[in-house]
Structures are given as C-alpha cells and as structure tokens.
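Heads up: the structure comes next, in structure tokens.
The values are calculated or read from the model by the stated rules, or taken from the named source; none is laboratory data. Computed from a prediction, not measured in an experiment: that's the story for all the values here. So basically every Cβ, Gly included, is an ideal-geometry build from the backbone, and we count neighbours across all protein chains shown.
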Amino acid sequence: MSTCTVARRRIFVAVLVLGIAVVAGCAKPDDDTAATTGCAATVREASRATEVAEQVDLLDRALVRCRSLDELTAEMARYPGIVGYELSTFVALRCTSVTDDAVRSSPACASVVAPATTVSATTAAIAFVGETLDGRKIEIRPDADTAFVGDVPAPVQQTVDIAIESGCEGVRTQRDLWAARIDEPAIGDEASVYAEHAQRVADYIGCTLPALTPSGEVDPSPSSTSTG
C-alpha cells in the first residue's frame, strides 16, 4: 500500500457515504523485516489483503495466533488504517460477532469480551442506513455475516477501494455482483444497498454504466445508460 492511500480512501468514503470531512494519517510502508510466522506474519498478510473477506479471515487467524490483545493491537498498529478505526473497538466487535469458537475463546478475545449487556450496547450503537435500488431505506448493523469498517459495512468500503484502484470497470463488476444477489433471501436487501452504493460511486467518478432496474437487472431501454 503506497503512502497516503489510507488517507485518500477514508476521505473518499466520507464524501460518498458519511458526508463529513475526515482527516486521516498517511500509512507507513510495510516493514519487510517483520517476522515470517505466527502473530506478526498473519497481521502483516492481512494488511496486504486485497479482498475484504480475505482480510477478515486473516485477522480472525491473528486473533487466535496472537498471545494477547496487546500483542495483536501492537502488530496491527504497524499498519495504520488496516481496519479503518480504533483497534480495540474492532477486536470487541469481531470477538462478539464471530461464530468460530476458536476465535471467540482466543486470548485476545478473552481479554475484551465484556458482559453481554455492554457488548450488545456497543454493537447496537453502530448502524448504517442505506438505500436499495428500489428506493427503500434499510438499516444494516454489524453481525456475524456483516463486517464493518468504521461506520460503514465492509462492502461499501471495498467498492470505494475498487474505485480508487480499478476505476469504472472494477466498480461495474462490483455493482453487478451485488445486483445478482438481490433475490437471495438472507442478503437480498443488503445486496441491493451495496449495488445502489456502487452505482453512486460510479456516478461520482464519472463512469458511464448501463442503468439497473429495481430488481437488479440491466435496464433494456435505450436511455438506460447512467452517465454520472
């Protein structure tokens, strides 16, 4: 990850999603002398992951491999912006949402899991209100199947990252992948929100994409092109 990429990504998310100004520090370059096994290596690999799902999986492994919360957060701190927000908050949310017993009972998780009332209150405080392709507003909260990056669902952040790294073609691919999942009962509304967000990102960066119908299919009408 190049210097200042994290700052650009966080600011881009703020403009597109939160509508507020964000000040973010520039990321330090990776330290190629880091350890090649165990906790340090797993966190280092997570910092270089290009897919959100891959990064979440690697950070789950780090929760298990690191001998304490302090060791985990110290390694994560080597890569500013790795999860986009305060490290102990990330650990608390992940430890209470993950279903894998090996992760939940790890030393890092054991030191932060508070009584259920406290943890649920922390999780409940984070909610993202998104708009579906058919114009409905729905609320998305962190859970075992929905990781968050700061105040936004991970797919929202991922779309912004793709816009920065791959431009219009990457954003269209991301939009169409989510649009294809609108009929899935477990994630349909969320998928519609992510597809709509990807379309707005495309408009923001000036992409010319075929418009989608509320059901997630490409609009066949001649005037269906979105110019942004």
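What to note about this one:
- Close pairs (6 angstrom Cβ cut-off, 6 or more residues apart or separate chains): not assigned by TED's automatic domain parsing to the domain that holds residue 172 and surrounded by 11 or more Cβ atoms within 10 Å (Cβ to Cβ) in region 212-225, modelled with pLDDT under 70 and part of a loop (DSSP other than H, G, I, E, B) anywhere: none
- Residue count for region 167-207, restricted to those that are modelled with pLDDT under 90 and assigned to a loop (DSSP other than H, G, I, E, B): 5
Results for (1) farther than 21 Å from residue 212 by Cα; (2) in contact with a strand residue (DSSP E or B) (Cβ under 8 Å, 6 or more places away or on another chain), shown as yes or no for each residue.
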| position | (1), (2) |
| --- | --- |
| 141 | yes, yes |
| 148 | yes, yes |
| 151 | yes, yes |
| 159 | no, no |
| 163 | no, no |
| 179 | no, yes |
| 187 | no, no |
| 190 | no, yes |
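- Of all residues in region 61-83, those satisfying the criterion of being more than 19 Å from residue 157 (Cα to Cα) and not in a loop (DSSP other than H, G, I, E, B) are 61, 62, 63, 64, 65, 69, 70, 71, 72, 73, 74, 75.
- Looking across region 124-166 at every residue that is among the β-branched types (Val, Ile, Thr) and in a loop (DSSP other than H, G, I, E, B), the one that is modelled with the highest pLDDT is identified as 132.
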